[in-house]
Amino acid sequence: MLTIILAAALSVATPVLREDNIPQIVSLLTLEEKAAILVGCGSTAFDGIGRNDVGVKGSAGATHAIPRLGIPSIVFADGPAGLRIDPVRPGTDKTYYCTGFPIGTMLASTWNTAIVRSVGEAMGNEVLEYGVDVLLAPGMNIHRNPLCGRNFEYFSEDPVLCGEIAAAYVQGVQSNGVGTSVKHFALNNQELNRLHNDARVSERAAREIYLRAFEIAVRKAQPWTLMSSYNYINGVHASENRWLLTDVLRDDWGFRGVVVTDWGGGYDTAAQIHAGNDLIQSGSDARYNALIEAVKDGRLAMEDVDACVTRALELIVKCPAFRGYKFSEAPDLEAHAKVCRAAADEGIVLLKNRGALPAGPDGVTALLGVTSYAFIAGGTGSGDVHRPYVVDLQQGLSDAGFKLESGLDEFYTAYMQDERWRCKMIDGNNSWVIDRERPIEVVPDELIKQAALNAERAVVTIGRVFGEGKDRDLYYSYMLQEREVELLRKTSDAFHAQGKKVTVILNVGGVVEMESWQDLADAILLCWQPGEEGGHSVASALSGEVNPSGRLPMTISRRYEDEPSAANFPRVFEDKPFNYSFYRRLEGNKKDYVVKDIDYTDYAEDIYVGYRYFGTKARGAVAYPFGYGLSYTSFRWSDLKIEKTGSFSEDSKCLKVSLTVTNTGKRAGKDVVELYVKAPGRSIDKPERELKAFAKTPLLEPGQSCTVQMTVPVESLASWENGAWSLEKGRYRIIAARNASDKGLRKAIRL
Ligand code: BGC
């Protein structure tokens, strides 16, 4: 009897965490335990990037467990191009590779939410099966300027495309019962001095452009977590910003998840907790002590701490670690490689085609450019995935039955063996290098001339890799280097003299200048960094086995100086320190506002980002407009219909837009319909047009038609004016177009 009573008393005294007893658990936690839950375990290496010994090897961080109350530790690991964990572990031959999917920008180039969702599903399965709880992805900052070093992880210059693609990604990953962390919230648009830079932006530009993308993802997909960014916003650090993390994120948008700091982000722990930044990662003793002291000396209310702990526990009970999920450490990498390939197939953008493509596999192909033989699957930094292999173009073309011109093939194969070794020596064991050493572009002139006689066509690849912690160098990364232009010129001269065509493949993480050299090419395929299956996808696009259907998620301007943010973005030169995230670090939380574009950045272009600027202020003067992309077939659009739903006095009012798309060409293909809206623009300053919805057709056989449906919530047409959303009355033009410069089909409607 006594034992029964004792056991009952004990079980009352120490309940364990369940989904339905979180308030009780919070009431039982000591201040020290609460601090331990909120402040992460720390890491064994600088910045915690990929070197954490807690949880899964090579994950980014974890929370502390509180065993007495049945609270497990949960594990966070990076994305966004796949799960980032260590591929090998001491004491075992078993490997832990993860699928290297296409970079974020390429996923957005598909304009296909279904395919992005399937990528998310596959990625989330690897998260689950490798024992991770939350994937630190997707990255969804706006492409404000082409030199941002992390643009490859991000989706687009447009908030609707970015938000919709992110929502699909989050839904896919989370369908596995694991979490995501959409990042970096918000206005983290440059890498230079990223920990200390103050983004100075109008509330209108913030709400309509930079926050809108996150808003769409939050409302549509409820990510389990969201990562606050390193930078300041109008003088307040993002992770210490209560307006951002509570008023906007939770009160306005209804976010129900957890906010986690970026790794080592922010200074004032008490301010972070008060702002609603629940988890401090990667954590340190100093942060843990600071939290406890702040409560003890009254600077931080226990109520704020409890709100964060409650949300942290609500996250924990959803995680596989809490469910005790028995992960296999053996996800189906072969099946996921197919998903990777399918997504890359749809994200390739055919920018130019003067009768050069499709071509092959018949006939001999001359394959030039060092990148053809060392394809770039993704970018560097925390977004770099340890993938099992990368299919380069040499292999991709051979697998697809292309015959390669032997002189060049032999030369490059031998040359690249040495170059690979040289690059490896320089990069050493540091898998996190920002400026990864690349092979030098060399090929003897005679080989090009001989190849022009032997081969039917030339394919030249230009490559760029860059990543976290540094922005791109204008001259070395954005512009083509002299050796590259020389290679293109010599190839073009030799092949054109024989009446043969030259195709350029851009294997890049972001846009490069094109205006000065694109006349040398007959066709240009923008294949981004397509993940581990890249060479196969590019081979299919070249031969026409897959008809390209990607569209640009950003504008390609003619010159860097034309960019709306060019005058307010750091110009990077080689003499800057290697990793200058910390470029202007000052003591503690002190902030200095002296150096323009480093201490602070003025978002002077305001809402006029990308095509909103080029279409309104600089009419049409671009190399390739936002949304652009060619196909091997042609499509006719007809029957544009707009229907108002709801009574128009209710909140849920929408415009339902439909359109018929017919394949009028000779090959099967997919088309993308981009729906722009031009507001009256009388009482409110508005861009010439803004993307409000889009749709991708299924594969249409020649002669086949389909009807695409798109929905535009009327509230998405409003502008932020004097502290509130306001919808201008009048005539709105609905434009179904092929890109931001295309006239398209139009209809007007009164609102
Ligand atoms: C990056 C984040 C990343 C984190 C953890 C930070 O340096 O900015 O994107 O998730 O490290 O690795």
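Derivation of every value follows stated rules applied to the coordinates shown; laboratory data play no part. Note that the structure is a prediction, hence the values are computed from the model and not measured. Note that we place each Cβ from the backbone using ideal geometry, even for glycine, and neighbour counts take in every protein chain shown.
How much of the pair distance distribution for the chain lies past 36 Å, counting alpha-carbon pairs only, in percent?
It works out to 43 percent of all Cα pairs.
Counting alpha carbon pairs within less than 8 Å and at least 6 residues apart, what relative contact order, in whole percent, applies to region 289-415?
Values: 55 pairs, mean separation 28.0, N = 127.
Here the relative contact order equals 22 percent.
Please give every one of the lysines within straight-line cross-link reach of LYS34, meaning a C-alpha to C-alpha distance under 27 Å, and leave out same-chain neighbours fewer than 8 residues apart.
LYS57, LYS183, LYS296, LYS318
Measure nothing but the geometry: give the 0 to 90° angle between the long axis through the Cα atoms of 159-174 and the longest principal axis through the Cα atoms of the chain, rounded to 10°.
Value to nearest ten degrees: 60.
Could you tell me whether region 379-419 comes out rounded, prolate or oblate from its Cα gyration tensor? Rule is a ≥ b ≥ c as square roots of the eigenvalues, rounded for a/c under 1.5, then prolate if a/b exceeds b/c, otherwise oblate.
Working: a/c = 3.74, a/b = 1.70, b/c = 2.21.
Taking the square roots of the gyration eigenvalues as a ≥ b ≥ c, region 379-419 is oblate.
Work out the length of the dipole vector of region 222-271 about its Cα centre, built from +1 on the beta-carbon of each Lys and Arg and -1 on the beta-carbon of each Asp and Glu, and round it to the nearest 20 debye.
Details: 3 positive and 6 negative charges, 26 e Å.
In debye, rounded to 20, region 222-271 gives about 120.
Among the lysines, select those whose C-alpha is under 27 Å from the C-alpha of LYS656, and discard any that sit fewer than 8 residues away in the same chain.
Answer for LYS656, where 27 Å is the Cα cut-off: LYS220, LYS641, LYS644, LYS670, LYS678, LYS686, LYS692, LYS696, LYS729, LYS743, LYS747, listed by chain and number.
Under the rule of -39500 (n - 2.57) per DSSP H run of 4 or more residues, summed and divided by the residues of the chain, what mean residue ellipticity at 222 nm is obtained, to the nearest 500 deg cm²/dmol? Display every interim value, and only then the final one.
Numbers: 18 runs with 199 residues, N = 751.
Computed mean residue ellipticity for the chain: -8000 deg cm²/dmol.
With an 8 Å Cα cut-off and a minimum separation of 6 or more residues, compute the relative contact order for the chain in percent. Walk me through the intermediate numbers first.
Values: 1847 pairs, mean separation 106.0, N = 751.
Answer for the chain is 14 percent.
Can you tell me the dipole magnitude for the chain around its Cα centre, using point charges on the Cβ only (Lys, Arg +1; Asp, Glu -1), in Debye to the nearest 20? Could the numbers behind the result be given before it?
Numbers: 85 positive and 97 negative charges, 446 e Å.
The dipole of the chain has a size of about 2140 debye.
Quick one: helix 333-347 against the long Cα principal axis of the chain, what's the angle to the nearest 10°, folded into 0 to 90?
It works out to around 60 degrees.
Which angle between 0 and 90 degrees, to the nearest 10, do you get for helix 482-497 versus the longest principal axis of the chain when only C-alpha atoms count?
30
Which order do the peptides 667-675, 247-255, 470-478, 293-301 take when ranked by the mean count of other beta-carbon atoms within 10 Å per residue, highest first? It would help to have the intermediate numbers written out before the result.
Values: 667-675: 22.6, 247-255: 17.2, 470-478: 20.4, 293-301: 14.3.
Per-residue Cβ counts within 10 Å, averaged per peptide and sorted highest first, yield 667-675, 470-478, 247-255, 293-301.
In debye to the nearest 20, how big a dipole does region 402-510 give about its Cα centre with +1 on each Lys and Arg Cβ and -1 on each Asp and Glu Cβ?
Details: 16 positive and 19 negative charges, 58 e Å.
Dipole size: approximately 280 debye.
Net charge within 12 Å of TYR560 by Cβ-Cβ distance, Lys/Arg positive one each and Asp/Glu negative one each, not counting TYR560 itself?
Numbers: positive: ARG472, ARG558, ARG559, ARG571; negative: ASP473, GLU513, GLU515, GLU561, ASP562, GLU563.
Around TYR560, the charge tally is -2.
With no solvent and one equal point scatterer placed on each C-alpha of region 308-402, evaluate the Debye formula and give log10 I(q)/I(0) for q = 0.24 Å⁻¹, two decimals.
For the requested q values the scattering log ratios are -1.41.
Once fully extended, how much extra length lies between SER284 and ARG571, figured as 0.36 nm per residue of separation less the alpha-carbon to alpha-carbon distance? List each step's numbers first, then the result.
Working: separation 287, 0.36 × 287 = 103.32 nm, distance 3.40 nm.
This chain segment gains 99.9 nm when fully extended.
For a protection proxy built on the mean count of beta-carbon atoms within 10 angstrom, sort 55-61, 406-412 highest first, please. Walk me through the numbers on the way to the answer.
Numbers: 55-61: 24.6, 406-412: 18.7.
The packing order, highest mean first, is 55-61, 406-412.
Under 1.5 on a/c is rounded, so check that first for region 618-751, then, if it is not, pick prolate when a/b is larger than b/c and oblate when it is not; a ≥ b ≥ c are the square roots of the alpha carbon gyration tensor eigenvalues. Spell out each step's value before the answer.
Working: a/c = 2.77, a/b = 1.60, b/c = 1.73.
The shape class here is oblate.
Straight-line reach from LYS470: which lysines have Cα under 16 Å away, leaving out those fewer than 8 places along the same chain?
Candidates past the 8-residue exclusion: LYS576.
So, by mean Cβ neighbours within 10 angstrom, what's the order for 389-402, 141-154, 279-292, 318-331 with the highest one leading? Intermediate results must be reported in sequence, preceding the final value.
Values: 389-402: 19.4, 141-154: 27.8, 279-292: 21.0, 318-331: 15.5.
So the peptides 389-402, 141-154, 279-292, 318-331, ranked by packing, come out 141-154, 279-292, 389-402, 318-331.
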